[in-house]
1. Suppose we filter region A:128-187 for residues that are more than 7 Å from every other protein chain (Cβ to nearest Cβ) and of a type in the set (D, E, K, R); how many remain?
2. Checking the conditions here, which among B:G159, B:G145 is touching a strand residue (DSSP E or B) at 6+ places or on another chain (Cβ under 6 Å), at pLDDT 95 or above and not hydroxyl-bearing (S, T, Y)?
3. Out of curiosity, is B:G26 on the phi > 0 side of the Ramachandran plot and within 13 Å of DNA strand C (Cβ to nearest atom)?
4. Only one of (1) within 14 Å of chain B (Cβ to nearest Cβ); (2) in contact with a Ser or Thr (Cβ under 8 Å, 6 or more places away or on another chain); (3) within 10 Å of DNA strand D (Cβ to nearest atom) is not met by A:L109, so which one is it?
5. When you scan region A:29-48, do you find a residue that is within 16 Å of the chain's Cα centre (by Cα), of a type outside the set (F, W, Y) and either open to solvent by 50 Å² or more (accessible area, probe 1.4 Å) or within 14 Å of chain B (Cβ to nearest Cβ) (or both), even just one?
6. Look at B:P83 and say whether it is touching a strand residue (DSSP E or B) at 6+ places or on another chain (Cβ under 8 Å) and away from every other protein chain (no Cβ under 14 Å).
7. Would you confirm, using the coordinates I've provided, whether B:V136 is more than 16 Å from B:P76 (Cβ to Cβ) and not charged (D, E, K, R)?
8. Being in contact (Cβ under 8 Å) with a residue 12 or more places away in the chain and either open to solvent by 20 Å² or more (accessible area, probe 1.4 Å) or among the charged types (D, E, K, R) (or both) is the requirement here; does A:N117 meet it?
Protein chains: 2
Amino acid sequence: MEKNLKRMATMHKMQVTGLELFYKQGFYNTSIDDILKQLDLSKGAFYYHFKSKEDFFISILQNLVVRKVYSMLIEPIEGHDNPLDLITNCMEEALQTAEHNENDYGFVLSNFMNEFNGKNPEIMKYLNDTLKIWEVNLVSALQKGKFNGYVDRHVDCEGVASYIISSFLGIRMLMVEGSATALRYRYMQQLKFYFRAIAQKQTA
Amino acid sequence: MEKNLKRMATMHKMQVTGLELFYKQGFYNTSIDDILKQLDLSKGAFYYHFKSKEDFFISILQNLVVRKVYSMLIEPIEGHDNPLDLITNCMEEALQTAEHNENDYGFVLSNFMNEFNGKNPEIMKYLNDTLKIWEVNLVSALQKGKFNGYVDRHVDCEGVASYIISSFLGIRMLMVEGSATALRYRYMQQLKFYFRAIAQKQTA
DNA sequence: AAAATCACAAACCCGTTAGTCGGTAATATT
DNA sequence: AATATTACCGACTAACGGGTTTGTGATTTT
């Protein structure tokens, strides 16, 4: 009973540190020893808990990344208010998180997709599926917005959703180098501008 | 004289193959031997021409990537026509190139930025500078467009430029997995939509 | 209390990879 | 013709990284 708790605790520590380093330095560029050194643990400990480095990474995706995507990117846009406002706030939050050098998990996803593309189909599938979940939820939020008269009925919700995701992933990429605050500010302005264009037209 | 030509030819071959593999598999994930095997050359040949793997990569950036960024992303938007049209066509071209699995060099840049971020400041500087060149040229094209009455005078050209780059890099990232054609089509639609919003208002 | 299991440590194996170095055939220079 | 330089070969080294294995103290089960 106590044993199981210890097991979970150690695994969790490894996963948290692993995600941190994989995200900073890349998966292939981070050795298992790098992670273990930070935790004062040994190879034996690692291979006692995980089958392989790849298996370890997948467990990180399942236990840490997917949940965070839900809480940071999906739950905040659920509700019956104007989805364009909800999305605006959600993006703002995510970019501010990013600015403080914490992980916003949308970028984490695209970062890893970049690295694993063409190398590891299984991991790519996980990443892709997770991104898809975000997209699907954006689309349905927009459609609800259409129904409730917040979004113009002529807009292509799929198109808007992937445009939102694209621009977010792109700006996030630019923010790693260069003045993050200025980029965020400008990005939010243009996003709002774009949203005004797809909002329900108030014909006078 | 003849010798120098041979030298250049060999170096060029190595650079072309190097870029191809680095782009496909990543820099750290591609060994020098991988490149040499494809060319039937030896380690000796490589280190005769280049100081190190890093030095080799920088030479690729200078000789191949920067030039391509100019010819594919910058020259097409120079001119006195409506910059929004020029940019639209340029993005369309780039995405079509990407769809045929050829390199569009904007994405090549962001791809490598992703990989080298936090690892190699010198290479990051090269990449960042190149991206900056693209951005600066976008801004000045937009400003000229303002002057010539194509772009609304209230728009923030810097903001628009980085929004364009962001969304492009983002959609390019999404295109590596998933249906590229559909994504391109939707992206272009939303981009045009956005451009209509920042175009000169024709007050009736 | 004895036996079994857990959670790890530490040394080791082995493939890979950046970089070195001594050689050499072809070409250019004197 | 003798010498020097160029462009390259291929064997080698040292370090690293993923994974294995053996061992061991602490804890749990019987």
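1. Final tally of qualifying residues: 9.
2. Values: B:G159 fails: touching a strand residue (DSSP E or B) at 6+ places or on another chain (Cβ under 6 Å).
The match here is B:G145.
3. Details: on the phi > 0 side of the Ramachandran plot: yes; within 13 Å of DNA strand C (Cβ to nearest atom): yes.
Yes; evaluated as a whole, the condition is true for this residue.
4. Failing condition for A:L109: (3).
5. Here is the first cut: in region A:29-48, the residues within 16 Å of the chain's Cα centre (by Cα) are none.
Looking for residues that are within 16 Å of the chain's Cα centre (by Cα), of a type outside the set (F, W, Y) and either open to solvent by 50 Å² or more (accessible area, probe 1.4 Å) or within 14 Å of chain B (Cβ to nearest Cβ) (or both), one finds none in region A:29-48, hence no.
6. Working: touching a strand residue (DSSP E or B) at 6+ places or on another chain (Cβ under 8 Å): yes; away from every other protein chain (no Cβ under 14 Å): yes.
Here the answer is yes, as B:P83 does meet what is asked.
7. On the way: more than 16 Å from B:P76 (Cβ to Cβ): no; not charged (D, E, K, R): yes.
Taking the combined requirement at face value, the residue does not satisfy it.
8. Numbers: in contact (Cβ under 8 Å) with a residue 12 or more places away in the chain: no; either open to solvent by 20 Å² or more (accessible area, probe 1.4 Å) or among the charged types (D, E, K, R) (or both): yes.
Here the answer is no, as A:N117 does not meet what is asked.
The values are calculated or read from the model by the stated rules, or taken from the named source; none is laboratory data. Since we're looking at a predicted model, the values are computed, not measured. We place every Cβ from the backbone using ideal geometry, glycine too, and count neighbours over all the protein chains shown. When the accessible area is computed, the model is the full protein with side chains, heavy atoms only, and any ligands, DNA or RNA have been set aside. Shrake-Rupley method; radii C 1.70, N 1.55, O 1.52, S 1.80 Å.
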